[in-house]
1. Of 219, 200, 243, which residue is over 25 Å from the mean Cα position of the chain (by Cα) and either at pLDDT 95 or above or surrounded by fewer than 23 Cβ atoms within 10 Å (Cβ to Cβ) (or both)?
2. Only one residue in 153, 144, 241 is touching a strand residue (DSSP E or B) at 6+ places or on another chain (Cβ under 8 Å), over 30 Å from residue 59 (Cβ atoms), assigned to a loop (DSSP other than H, G, I, E, B) and touching a residue at least 24 places away in the same chain (Cβ under 8 Å). Which one?
3. Before we move on, is residue 93 assigned by TED's automatic domain parsing to the domain that holds residue 254, farther than 30 Å from residue 318 by Cβ, over 28 Å from the mean Cα position of the chain (by Cα) and surrounded by fewer than 18 Cβ atoms within 10 Å (Cβ to Cβ)?
4. Filter segment 5-43 for residues that are surrounded by 15 or more Cβ atoms within 10 Å (Cβ to Cβ) and modelled with pLDDT under 95 and give the result.
5. Have a look at 419, 354, 403, 391 and point out the one that is closer than 30 Å to residue 539 by Cβ and either assigned to a helix (DSSP H, G or I) or in contact with a helix residue (DSSP H, G or I) (Cβ under 8 Å, 6 or more places away or on another chain) (or both).
6. Go through segment 50-86 and give me each residue that's within 24 Å of residue 97 (Cα to Cα) and surrounded by fewer than 18 Cβ atoms within 10 Å (Cβ to Cβ).
7. Among the residues of segment 429-458, what is the count of those that are free of Cβ contacts under 8 Å to residues at least 60 places away in the same chain and part of a helix (DSSP H, G or I)?
8. Any residue in segment 106-128 that is surrounded by fewer than 24 Cβ atoms within 10 Å (Cβ to Cβ), in the same structural domain as residue 255 (by TED's automatic domain parsing) and assigned to a strand (DSSP E or B)?
């Protein structure tokens, strides 16, 4: 095991010992109870199974058959989740072959960030994660299940399902993905049209044509954003059927993998010899494995928030220092857009998660002795699934060499010796930057600040030609308490245009960028946030700011006396009051008041 990774894991375990111990005590107490229909009153049992076919009622009550709950994020708004429509029937059919029964325990809300980017609905996006976690808990609160299958793929949905499931840590759980859409317009071509539109070189018709060619059918968006990072992390955590992440929704292999998920979860219930509840499976080593996989593939910065929250749900405490120290020793093995030009289909064809995990395991960068839902352990996730003649599911060993060393590389010849994530500290607070997609000559930016209190104000200034200079754009009052910490992905094209013109530009914000954070240096998640009196509220137009991703610093180059005496700006009360009073945002006011900082996972429940 790599010495630094082992040391960081030990530190996390020691820090988490009290909360993890209390969590595991709760898991064990819940697991020790009699099964659901045996411990419940007769009226409760009758209500629980009233709608089941008679033969299923007989199985689950009299014959004590294993009973699986499905928690689904199906809806038609998310291309990635549309394929889930038929999954319950498929799961029921397969469960009956195993002598088990199934109920859809509940549905969870799932919003598409691609629809809401730059619009008011995006202010609900981060909080939708905890809403999904609560909805998962409501679904499982019927408390009659021996195991659960979790159907979700996208940005906040997987973390929300995982947080909710970990609060029912006594249940064995398997995540069931649906796969990516086919390759459409290339990511580079899509980015070019967006930049052309930002400059007025093409119109709305051309932009819509390009976007529709990129996002064109069922399945996950094909860039390596938060949704596809979710899938990589679930593979590294051993919570999928091995290799299930990036098989297309309508590939025949997808049905076989979904059916296999039923047998997999039944193989880890209390009736089996390999009882593996999710609360025991997700331990400190598994959390570190997820962090390593994220860094090795240049995954979404959103997971510096989401996986902190996931870890907390299992009684484990991690922070951005842990991520940064891991990043310093974990090599970058993949380049997938926006970290390169390939999409996830090309990543899969070049070796995909299996290749990356094999290299990390063989190089001592992953804890290989962890539990997984597969009986073959984490090594199973280095193989790829396939259908034999006759349709039987099997796994084959990947070739030793990368299928395309422009997309995935071995540990001995990485794209970079580090994971491309840096923690920035200084008199502006703590923040993070993803450098893996940023040109080397842009890792240090020193320029005057231009301060904006909304992304709309920055876009308006760009449209008016007021940003044609070296600058550090400060976009503040975008944190969790201010307005729900929306993604600011709409700022990427104009800032990329300015960078393309030769200006030295950077973004500093207490908001989020999307999983598609790209080539413009961006210090994001600045904590504490401006609304809470964070130092970003002290910045004024013209202050020289220095973002130094090499030294790991983020500084306002203002003398200490002036800085200490300067009052923090406040947002206009009328403007702030207007936030959250349309499109349902007022319903989330309690979450905004109670949410913890980004580095604490922006959790609203602890």
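The values are calculated or read from the model by the stated rules, or taken from the named source; none is laboratory data. In this text the structure is predicted, and so the values were computed from the model without any measurement. We place every Cβ from the backbone using ideal geometry, glycine too, and count neighbours over all the protein chains shown.
1. 200
2. 153
3. When the stated conditions are applied, residue 93 passes them.
4. 35, 36, 37, 40
5. 419
6. Matches in segment 50-86: 50, 51, 52, 53, 54, 55, 58, 62, 63, 64, 85, 86.
7. Restricting attention to segment 429-458, the residues satisfying the condition of being free of Cβ contacts under 8 Å to residues at least 60 places away in the same chain are 440-441, 452, 454, 456-458.
Now restrict to residues that are part of a helix (DSSP H, G or I): 440-441, 456-458.
Qualifying residue count for the region: 5.
8. yes
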